[in-house]
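Undergrad: Dropping the structure in here first, questions after.
The values are calculated or read from the model by the stated rules, or taken from the named source; none is laboratory data. Computed from a predicted model, the values in this text were never measured in an experiment. So basically every Cβ, Gly included, is an ideal-geometry build from the backbone, and we count neighbours across all protein chains shown. The protein model used for the area step is the full one, side chains on, heavy atoms only, and it has no ligands, DNA or RNA in it. Shrake-Rupley method; radii C 1.70, N 1.55, O 1.52, S 1.80 Å.
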Amino acid sequence: MSARRLTLLTDFGTTDGYAAAVKGVIASICSTVRIDDASHEIPRGDVAAGAWALGGYWHLYPRDTIHVVVVDPGVGTARRALAAEMDGRLFVAPDNGVLSRVLDVAGAVRIVAIDPGSLPGDVASNTFHGRDIFAPAAARLACGALLGELGSAITDPVRLAAARVVRSEEGEIAGEVVHVDRYGNLVTNIPGAWLDGHDSARLGLHTMPIGRTYSDIASGDVLALVGSRGTLEVSVRDGDAAALLQANRGAAVYAVRSRLSGSATGPGRRPA
Amino acid sequence: MSARRLTLLTDFGTTDGYAAAVKGVIASICSTVRIDDASHEIPRGDVAAGAWALGGYWHLYPRDTIHVVVVDPGVGTARRALAAEMDGRLFVAPDNGVLSRVLDVAGAVRIVAIDPGSLPGDVASNTFHGRDIFAPAAARLACGALLGELGSAITDPVRLAAARVVRSEEGEIAGEVVHVDRYGNLVTNIPGAWLDGHDSARLGLHTMPIGRTYSDIASGDVLALVGSRGTLEVSVRDGDAAALLQANRGAAVYAVRSRLSGSATGPGRRPA
Amino acid sequence: MSARRLTLLTDFGTTDGYAAAVKGVIASICSTVRIDDASHEIPRGDVAAGAWALGGYWHLYPRDTIHVVVVDPGVGTARRALAAEMDGRLFVAPDNGVLSRVLDVAGAVRIVAIDPGSLPGDVASNTFHGRDIFAPAAARLACGALLGELGSAITDPVRLAAARVVRSEEGEIAGEVVHVDRYGNLVTNIPGAWLDGHDSARLGLHTMPIGRTYSDIASGDVLALVGSRGTLEVSVRDGDAAALLQANRGAAVYAVRSRLSGSATGPGRRPA
């Protein structure tokens, strides 16, 4: 049997040794597991950013992978610690919504609230549950513990509200920017599958064509296209759309059929 | 037998390929070892920061783990290269104090000065001992070499001076900030175990309560509490204490018994 | 047989989950391979920086290692995707010159243009070939596929122009800064092996001695020395040469024999 994999997504950075402490605890409890760093650079306490990142890779890993997520601004409060199994992968995370983008799409879902008494190790600190709760819980799962051995089932995990996306009767789609990535791409929640004759997008005062690939435009031009998560993204070829358009998470974005509306409102215009 | 683990802590960053060069050399000499990145983002040449980070995880890894630390502003000078065994873990590092936080607490300590002649590979560069000295030394240990095969015993490793922490006769504890972490927490050297009726802390002009968890205060408030390393930390819930209090490494911090001192000095005050 | 290693060099950062997506795809197709992060922090779209980083480690890894490089500003255009074998290591990368520093020195070179039809998985996105093309191609190689199974041979990979370095008849060497590293070292393309009595270097208005190690100078002083890649570097001991000298990639650097030129032009001067 090939060793199980475990991924680690945190807002710890690496310079304080916190991420390494988590990895050391896991290695001590379950020496065979392979640990992949997903990221330790999630912005401090940004649960939505953690949820978005996790949404991009959890399902690409093999079944039985354990995904550990510690973006935990509520450490030391009464928030629960969760372990879950969703579509064959296992998860360990605080109960603060960071699993929302998985819950949005997963079919089979089982969740338990972790009972600290089920874990090896000493009394937990009040400030570092990554090391003291999530790491031992994940390591136990990695070495074969069943979900039910870690705690009791719950059915009400905290969920982040999903950003709204609606289609008007005229066919205009109104969504919003849900993530700005490292390249400055403005990723929206407008599903690519909803596009049907929509040929341009609007964000603030800017209108841009909806295209298929970056090769449709010149360097420095703005394009909306269906991105790698299957939703509409606003991009600048060889540039940074967020900087150029001065836009951020939450900005409203519209997908429109300009030709149709053009033919309806502009006297002499025709569809191209 | 499960493969041995090796951790890597450097100030190399990753963009220059230096960290990957170290990993490649190790993999070529000892192909079975598992390499965990602890961090490559220690501030350039900041030996104290490296020492602090290492202090947080070395003991959490399994026995026989090899911890490689390359924060080495003295590369190319006469400083020695060390290999050590402390409390069952192995270490490879320059002799500049970066092992100090381990030496502070380890029971069983054996150290050798690495003899470059004991290493595989060509003549070492004068600028990159991570690749040319520390990586081959660590790889040899990872694949079973004994400490004594790498060099001769020494007993005088360079040690960073420990920050002072003292208790006055009246019971006030005076320590200092020894680390500022990514969250802006001001970690002090005041041992949590010394606290005995101390109910507030002072840092510069600021006084804050000593509490138990972040749930003791409101968002944005300042709290001192015993952190994950067992010492007093000054924190802001959902905020950045270093930025808010304009404090940094070396700042003096006091733990006081305000109720007692209050009852002694304030005419009408009583313990709460 | 020990498991094969695969390294990953990208400009993805880690916070968007893109790097983890690549790792998940690889792990799903070839579960035994060991993945080392080389870097995910190459500056966005900086092909030359990626090429330089790769040049520092590819040959240090064991034979049969798969090096995956995704610095791919041309994703979604007609640029080819390559798989290659060079001096016993395997490579997967876009055809944009990012393999140039390997091609410069490798003896045995075989390259194919990847045929997406040879890969497992669904239709590729237009924006994320790291996940959809390079990861599956690399995973197939890692689990034993032959280069020829991925596509057809090509002999004209895109190559970055090598920076010029020339020797005058008087023996002065003129090169340029080809990389600025995290420490601010200005790495040039002047081969250390060309130095022959050259005792000082010139960069802009600054002249500095050519020495052997940092211990030749005091803290804060400027030195040129042969660095870890075998070429001349301009460094400041305990400092940042790029910041101090206000220099960057492309700056002209000269290695001169000041004693000889001094003895030729200065009436009373003698070689030291």
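Undergrad: Might you tell me the accessible area per residue for the stretch A:8-125, computed with a 1.4 Å probe and given in Å²? Walk me through the numbers on the way to the answer.
TA: On the way: 3370 Å² over 118 residues.
So the stretch A:8-125 comes to 29 Å² accessible per residue, rounded to a whole number.
Undergrad: Classify the stretch C:5-105: rounded, prolate or oblate, from the alpha-carbon gyration tensor (a ≥ b ≥ c, eigenvalue square roots; a/c under 1.5 rounded; otherwise prolate if a/b is larger than b/c)? Don't jump to the answer; show the numbers that get you there.
TA: Numbers: a/c = 1.42, a/b = 1.01, b/c = 1.40.
Rounded, because the longest to shortest axis ratio a/c is under 1.5.
Undergrad: Right, here's the next one. For the stretch B:1-63, run through the trypsin sites (Lys or Arg not before Pro) and keep only the ones in DSSP coil with at most 14 other Cβ atoms within 10 Å of their Cβ. Intermediate results must be reported in sequence, preceding the final value.
TA: On the way: sites: B:R4, B:R5, B:K23, B:R34, B:R44, B:R63; in loops: B:R4, B:R44, B:R63.
Those that pass, being in a loop and sparsely packed, are B:R63.
Undergrad: Computed over the Cα atoms of the stretch B:75-115, what is the ratio Rg over Rh, Rh following Kirkwood? Intermediate results must be reported in sequence, preceding the final value.
TA: On the way: Rg = 10.3 Å, Rh = 10.6 Å.
When Rh is taken as the Kirkwood radius, the ratio is 0.97.
Undergrad: May I pose another question? Tell me, how many Å apart are the Cα centres for the stretch B:161-236 and for the stretch A:175-230?
TA: 49 Å
Undergrad: Grab the residue from chain C whose Cβ hugs the C-to-A rotation axis most tightly, plus its distance in whole angstrom.
TA: C:D37, 4
Undergrad: Moving to a separate point now. Just tell me the longest site-free run in chain C, where the sites are GluC sites (Glu not before Pro) in a DSSP loop having at most 11 other beta-carbon atoms within 10 Å.
TA: Values: sites that count: C:E169, C:E170.
By the stated rule (loop sites, at most 11 other Cβ atoms within 10 Å), C:1-168.
Undergrad: With a 1.4 Å probe, how much accessible area is buried between chains C and A, both sides summed, in Å² to the nearest hundred?
TA: Using a 1.4 Å probe on protein heavy atoms, the buried area is about 2700 Å².
Undergrad: Then there is this: Which one, A:P43, A:S215, A:A247, is farthest towards the positive end of the dipole of chain A when Lys and Arg carry +1 and Asp and Glu -1 on their Cβ?
TA: A:S215
Undergrad: Treat every Asp and Glu Cβ in the stretch A:1-157 as -1 and every Lys and Arg Cβ as +1, leave all other atoms uncharged, and give the resulting dipole magnitude about the Cα centre to the nearest 20 debye.
TA: Working: 13 positive and 17 negative charges, 64 e Å.
Taking the Cα centre of the stretch A:1-157 as origin, the dipole is about 300 debye.
Undergrad: Ok, one more. Based on alpha-carbon centroids, what's the gap between the stretch B:95-137 and the stretch C:22-60 in Å, whole number please?
TA: Using only Cα atoms, the two centres lie 27 Å from each other.
Undergrad: For the stretch C:217-232, take each phi angle, set θ = phi - 60°, evaluate the Karplus expression 6.51 cos²θ - 1.76 cosθ + 1.60, and give the result in whole Hz per residue in order, putting x for glycine and proline.
TA: Calculated HN-Hα couplings, in order: 10, 8, 4, x, 7, 9, 9, 9, 8, 6, x, 6, 9, x, 10, 5 Hz.
Undergrad: I'd like to check one number: the per residue accessible area of the stretch A:158-229, probe 1.4 Å, reported in Å² as a whole number. Please list the in-between numbers first.
TA: On the way: 3550 Å² over 72 residues.
On a per-residue basis, 49 Å².
Undergrad: Around C:L82, which amide H atoms from residues at least 5 apart in sequence, or from another chain, sit under 5 Å from its own amide H, with H modelled in the peptide plane?
TA: C:A93, C:D95, C:I114
Undergrad: Please list the non-local residues whose amide H lies under 5 Å from the amide H of A:S39, H modeled 1.01 Å from N, same-chain partners needing a gap of 5 or more.
TA: Amide H to amide H, under 5 Å and 5 or more residues apart or across chains, A:S39 pairs with A:L8, A:L9, A:T10.
Undergrad: Continuing with this model, one more query. Compute the Kirkwood hydrodynamic radius of the protein assembly as shown, taking the inverse of the mean of 1/r over all pairs of distinct Cα atoms, and give it in Å to one decimal.
TA: Details: mean 1/r = 0.0346 Å⁻¹.
After inverting the mean inverse Cα-Cα distance, the result is 28.9 Å.
Undergrad: Choose one of C:A137, A:L6, A:C30: the residue whose Cα lies farthest towards the positive end of the charge dipole of the protein assembly as shown (beta-carbon charges +1 Lys, Arg; -1 Asp, Glu; about the Cα centre).
TA: Value computed over the given set: A:C30.
Undergrad: Tell me, what % of the accessible area of chain A is carbon and sulfur with a 1.4 angstrom probe?
TA: Values: 5560 of 10950 Å².
Whole-percent figure for carbon plus sulfur exposure: 51.
Undergrad: Next question. Quick one, can you get me the convex hull of the C-alpha atoms of the stretch B:191-258 expressed as volume per residue in Å³?
TA: 88 Å³
Undergrad: Threshold 40 Å², probe 1.4 Å: give the residues of the stretch C:99-134, in number order, that are less accessible with all protein chains present than with their chain alone.
TA: Checking the loss per residue gives C:N126, C:T127, C:R131.
Undergrad: Next up: Compute the helix-to-body angle for C:18-29: its Cα long axis versus the longest principal axis of chain C, expressed 0 to 90° and rounded to tens.
TA: 50 degrees
Undergrad: Counting only C-alpha contacts under 8 Å and six or more residues apart, can you give the relative contact order of chain B as a whole percent? Walk me through the intermediate numbers first.
TA: On the way: 565 pairs, mean separation 39.0, N = 272.
Across chain B, relative contact order equals 14 percent.
Undergrad: When each copy gets a label point 7 Å from Cα toward the beta-carbon at A:D104, what are the spacings between them in nm, shortest first?
TA: The answer, with the shortest distance listed first, is 4.4, 4.4 nm.
Undergrad: Sequence-distant or interchain residues sharing an amide H contact under 5 Å with B:E176, placed H: which?
TA: Here the answer is B:N189, B:I190, B:V253, since their amide H atoms fall under 5 Å of that of B:E176.
Undergrad: Report, in debye and to the nearest 20, how large the dipole of chain A comes out about its Cα centre when Lys and Arg carry +1 and Asp and Glu carry -1 on their Cβ. Before the final figure, lay out each step's value.
TA: Values: 26 positive and 29 negative charges, 86 e Å.
For this selection, approximately 420 debye.
Undergrad: Let me know the charge dipole size of the protein assembly as shown about its Cα centre in debye, to the nearest 20, where only the beta-carbon of Lys, Arg (+1) and Asp, Glu (-1) is charged. If you can, show how the numbers build up before the last one.
TA: Values: 78 positive and 87 negative charges, 55 e Å.
It works out to roughly 260 debye.
Undergrad: Between A:A161 and A:L244, what's the calculated FRET efficiency when r is the beta-carbon distance and R0 is 22 Å? Round to 0.05.
TA: On the way: r = 29 Å, r/R0 = 1.30.
According to the calculation, E is roughly 0.15.
Undergrad: Next question. What does the charge add up to near C:A48, with Lys and Arg as +1, Asp and Glu as -1, over the other residues with Cβ less than 10 Å from its Cβ? Don't skip to the answer; put the middle values down first.
TA: Working: positive: C:R101, C:R249; negative: C:D46.
Summing Lys/Arg as +1 and Asp/Glu as -1 gives +1.
Undergrad: Among B:I111, A:V158, C:T127, which residue has its Cα positioned farthest towards the positive end of the charge dipole of the protein assembly as shown, with +1 placed on the Cβ of Lys and Arg, -1 on the Cβ of Asp and Glu, and the dipole taken about the Cα centre?
TA: Ranked along the dipole, the leading option is B:I111.
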